[in-house]
Amino acid sequence: MKTIRALLLLCLVSLFFLQFGCKKPDDGSYVDPITLYEKVKGEWKLNDISQVDETAKVAGISPDEISLFSQFGFENLTLSLQVDEKNSPTVYSVSGDAPELFPNSGYWDLSTSFPAANGTAPVINLYSDQAKTDLQAQLSVVSVPGAKTEMELKLTRKSGGVAFVSYSYKLTNVQ
C-alpha cells in the first residue's frame, strides 16, 4: 500500500512538472537597446548660458560665474542634432544671433552610445568633415535628458591642458 501511494505521488509530481515546468517563457521579441542618441537628438532651445571663470573658481575669487543669456543674442540660440533612421548621428547646426563659441555646423557623434557605469559624462564630438577625422570641439553632456526634456552641455576652453573658462548651456527640447 505504501508503495502504491509513493508511486501515485511520484506520478502526480511528475505530471505537475511536465505541465508547468517545461513551458518556454515568452520573453517577447528582440528590440535594440535605447541609446543616448535617442535622448539627445532633436531641436534644442537655449534657456540659459553661464560663463564660468575656472581660474577664479579655483582661487576662490568672486564672481566666478556670470549669466550671458540676456546678452550677445543668446536668447534665440537653437541647437539641432540630427540622426538617421537607425539613430546614428549625422549633422548638427546652431542657429541664432549669438557669437560662435564652437563651429555652427558640421557632423557629430557621442563618445559612447550608452551611459557609463562609472558615471563619467558622455561627450558630444563636433567634426568639420563627414568622415569625422577633423575634431573641432567637444561638449560634455552634464545632464542627460530623460523624464525631463532638458539637457545641460558644457564647453571648456583650455590652455596648456589647464581649463581657464567654461560655458554651461541649459537647453530644452522643442519637439
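The values are calculated or read from the model by the stated rules, or taken from the named source; none is laboratory data. This one's a predicted model, so the numbers in the text were calculated from it and none came from an experiment. Every residue, glycine among them, receives a Cβ derived from its backbone with ideal geometry; neighbour counts consider all protein chains shown. In case anyone asks, the SASA skips ligands and DNA or RNA and just uses the protein heavy atoms, side chains included. Shrake-Rupley method; radii C 1.70, N 1.55, O 1.52, S 1.80 Å.
Filter Lys45/Lys132; Lys57/Lys170; Lys39/Lys132; Lys86/Lys132; Lys24/Lys148 down to the pairs with a C-alpha to C-alpha distance above 30 Å, please. Mind showing how you got there, number by number?
Details: Lys45/Lys132 25 Å; Lys57/Lys170 20 Å; Lys39/Lys132 21 Å; Lys86/Lys132 18 Å; Lys24/Lys148 38 Å.
Pairs exceeding the cut-off: Lys24/Lys148.
I'd like to know how segment 1-100 sits against the 2.2 N^0.38 Å rule of thumb: what's its Cα Rg over that expected value? Could the numbers behind the result be given before it?
Details: Rg = 31.9 Å, N = 100, 2.2 N^0.38 = 12.7 Å.
Against the compact-globule rule of thumb, the ratio is 2.52.
To the nearest 20 debye, what is the magnitude of the charge dipole of the chain about its Cα centre, counting +1 on the Cβ of each Lys and Arg and -1 on the Cβ of each Asp and Glu?
On the way: 15 positive and 20 negative charges, 255 e Å.
Dipole magnitude for the chain comes out near 1220 debye.
When the expected Rg is taken as 2.2 N^0.38 Å, what fraction or multiple of it is the alpha-carbon Rg of the chain?
Details: Rg = 26.7 Å, N = 175, 2.2 N^0.38 = 15.7 Å.
Normalised Cα radius of gyration, the chain: 1.71.
Could you report segment 16-164's accessible area per residue, 1.4 Å probe, as an integer in Å²? Don't skip to the answer; put the middle values down first.
On the way: 9430 Å² over 149 residues.
Dividing the accessible area of segment 16-164 by its residue count gives 63 Å².
Step through the residues of segment 99-114 one at a time and calculate ³J(HN,Hα) from phi using the Karplus curve (6.51 cos²θ - 1.76 cosθ + 1.60, θ = phi - 60°), rounding each to whole Hz and writing x for Gly and Pro.
So the Karplus estimates, Gly and Pro as x, are x, 7, 8, 8, x, 7, 7, x, 10, 9, 7, 9, 5, 8, 7, 10 Hz.
Given 10 °C and 1.306 mPa s, compute D for segment 85-150 with the Stokes-Einstein relation, Rh being the Kirkwood radius over Cα pairs; round to the nearest whole µm²/s. Write down the numbers at each step before the final one.
Working: Rh = 13.3 Å.
Approximately 120 µm²/s, per Stokes-Einstein.
Quick one: 3J(HN,Hα) in Hz for segment 52-67, Karplus 6.51/-1.76/1.60 with θ = phi - 60°, rounded, Gly and Pro as x.
Residue by residue, segment 52-67 yields 10, 7, 5, 5, 5, 4, 5, 7, x, 8, 10, x, 10, 9, 9, 8 Hz.
Relative to the first principal axis of the alpha-carbon coordinates of the chain, what is the inclination of helix 2-20, with its axis defined by its Cα atoms, in degrees from 0 to 90 and to the nearest 10?
30
Expressed as a whole percentage, what fraction of the accessible surface of segment 51-175 belongs to carbon and sulfur atoms when a 1.4 Å probe is rolled over the protein heavy atoms?
Working: 3540 of 7180 Å².
Of the solvent-accessible surface of segment 51-175, carbon and sulfur hold 49 percent.
Please list, in chain and number order, the residues 5+ apart from Val165 or on another chain whose amide H is under 5 Å from its amide H, with Hs placed from the backbone.
When sequence neighbours closer than 5 places are left aside, the close amide H contacts are Glu54, Arg157.
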